[in-house]
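Bear in mind these aren't lab numbers, they're just calculated from the coordinates by the rules spelled out. Because the structure is a prediction, the values reported are computed rather than measured. All Cβ positions, even for glycine, are placed from backbone atoms using ideal geometry, and neighbour counts span all protein chains on display.
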Amino acid sequence: MKEFDFIIIGGGCAGLSLAYELEVHEKLKDKTLAIIEPRQEYKKDKTWSFWKVAPHNFDDCVKKNWENFSINVPGKTNYLKCKNYPYQSIDSGLFYHKINSRLKKNKNISFFKDVAEISTRNSFIFNSVPEIKKNHLNLWQHFCGVEIETKKDFFDEEIFNLMDFDCDQRESVHFFYTLPYSKNKALIETTWLSTMNDNSQKDYDNQIKEYIDKHLKIKNYEINYKEEGAIPLFYPLYKKEKNKINIGTAGGMTRLSTGYTFLNIQEHSKYIRENIENISNSKRFEISKKYRFLDDIFLRVLNKHPEKMSDIFFKMFKTSPKTVIKFLSNKSNYLEDLSIILRMPKWTFIKALFY
Ligand SMILES: Cc1cc2nc3c(=O)[nH]c(=O)nc-3n(C[C@H](O)[C@H](O)[C@H](O)COP(=O)(O)OP(=O)(O)OC[C@H]3O[C@@H](n4cnc5c(N)ncnc54)[C@H](O)[C@@H]3O)c2cc1C
């Protein structure tokens, strides 16, 4: 059976980001890499969006940048600017195409559908397939989005709506998210933060239709694309093993309070590339303890008081947008953390320490 220096299990966002990072920094000139990916073909299946607080390799896959956004609860809207850290949306179709075209040129890189096709005995493995044990207490961010095209110009393409809480909450946390790509095209997502113990919130198509028809009052439109997913707001199992590290969602790269993962994956890829010569002895790359602690409290509050969350999110964005963006993107300093913490309902958060 064929052996490789490195194996990447899962050629999704994290696996391909890492392979690309290694390839463009010439770490695969005299090392071999096998990528294991079962999918038959790559096509656009996700839209990765984030505030660009750090450079990454995929500016040419960006569908749109925004420098303004809004957040609203019933009766109140907050308009914010994010010129310093524009919000970007990456088209996964362009991302897969860019990376795969580059990787196919290197004869040291091979692609397989199943890890059983190769020997893993002497390789270093980067695994992006999460091991998730079902637990009814686990929180998920689950959502469904459609990209619509309207007959008439409707959207203001200069400003996106991060969270619209003016919708049915069903004793949970629910908001709509709208990314206007142009005056007549936008991605509209219904998003829930919940334990997802049953399917009662998964009537996504109805939710979206009602929002478009009754809330946005758009009459004529077509759906060009649809995406659906669930991001675990908890860390998947991660056993410490010699010669293996987890990457992506499996590697704990999701910021649990927000679901943002893409930029953390890019930073992790860079860290691995910088340490690739001595990767088995390198320190594990993690989202810093400070954010893990704060997110844990935040999610306890969310679990116990879903009805308070729209106001909590709204208040959080009353801080300067630069501060809150840095906080949500793991780049804030202690003073900035404090200015966010002081906006939170103190007793609710203090009590959450003891749940
Ligand atoms: C629809 C959707 C939208 C998202 N939007 C955002 C966003 O806007 N911003 C953000 O920061 N994050 C977002 N996320 C979260 C996160 O960035 C993505 O989930 C991201 O794709 C995670 O990368 P990954 O490599 O860990 O997982 P994936 O990209 O899912 O890659 C895992 C790969 O493993 C493959 N695989 C599965 N089973 C096996 C197996 N047995 N052996 C080998 N390979 C296997 C899969 O086919 C897949 O290609 C989104 C998630 C989803 C689902």
Farthest towards the positive end of the dipole of the chain, among Thr178, Ser92, Leu237 and with Cβ unit charges of +1 on Lys and Arg and -1 on Asp and Glu, lies the Cα of Leu237
Any idea what the dipole of the chain comes to, in debye rounded to 20, about its Cα centre with Lys/Arg Cβ at +1 and Asp/Glu Cβ at -1? 840
Would you mind working out the magnitude of the charge dipole of the stretch 289-352 relative to its Cα centre, with +1 at each Lys and Arg C-beta and -1 at each Asp and Glu C-beta, to the nearest 20 Debye? 100
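Using just the Cα positions, wrap the chain in a convex hull and report its mean projected area in square nanometres, one decimal place.
That works out to 18.4 nm².
Packing-wise, with mean Cβ within 10 Å as the measure, how do 216-225, 242-251 rank, highest first?
Details: 216-225: 13.6, 242-251: 21.1.
Highest to lowest by the protection proxy: 242-251, 216-225.
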Loop only per DSSP, at most 10 neighbouring Cβ atoms within 10 Å: give me the trypsin sites (Lys or Arg not before Pro) in the stretch 66-169, ordered by residue number. Lys83, Lys104, Lys105, Lys107, Arg121, Lys133, Lys134, Lys152
Computed E for Glu3/Arg292 - FRET, C-beta separation, R0 35 angstrom, nearest 0.05: 0.45
What's log10 of I(q)/I(0) for the stretch 289-352 at q = 0.17, 0.28 Å⁻¹, Debye sum over Cα points only, no solvent? -0.55, -1.40
For the stretch 205-342, state the average projected area of the convex hull of the C-alpha atoms over all orientations, rounded to one decimal in nm². 11.9
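With 10 angstrom as the radius, rank Ile7, Ile350 by how many other C-beta atoms surround their C-beta, starting from the fewest.
Ile350, Ile7
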Express in whole angstrom the spacing between the alpha-carbon centres of the stretch 242-293 and the stretch 1-38. 16
At a Cα cut-off below 29 Å, give the lysines reachable from Lys107, other chains included and same-chain residues fewer than 8 away excluded. Lys2, Lys27, Lys29, Lys31, Lys43, Lys44, Lys46, Lys98, Lys242, Lys244, Lys270
Assign one of three labels to the stretch 140-232, namely rounded, prolate or oblate, based on the Cα gyration tensor with a ≥ b ≥ c the square roots of its eigenvalues; rounded applies when a/c is under 1.5, prolate when it is not and a/b is larger than b/c, and oblate otherwise. prolate
Which shape class, rounded, prolate or oblate, goes with the stretch 50-208 when its Cα gyration tensor gives a ≥ b ≥ c as root eigenvalues, a/c under 1.5 marks rounded, and past that a/b bigger than b/c marks prolate? oblate
Given Cβ charges of +1 for Lys and Arg and -1 for Asp and Glu, the option among Asn68, Phe124, Tyr42 whose Cα lies farthest towards the positive end of the dipole of the stretch 37-138 is Asn68
Relative to the present Cα-Cα distance, how much length would full extension add between Glu227 and Lys351 at 0.36 nm per residue of separation? 40.9 nm
About the Cα centre of the stretch 228-335, what is the dipole size in debye to 20, counting +1 per Lys and Arg Cβ and -1 per Asp and Glu Cβ, all else neutral? 340
Using only the Cα atoms of the stretch 168-220, what semi-axes does the equivalent ellipsoid have when each is the square root of 5 times a gyration tensor eigenvalue? Give whole Å, largest first. 23, 12, 9
Largest fluctuation, Leu294, Leu193, Leu179 only, Gaussian network model of the chain with Cα springs under 10 angstrom, belongs to Leu294
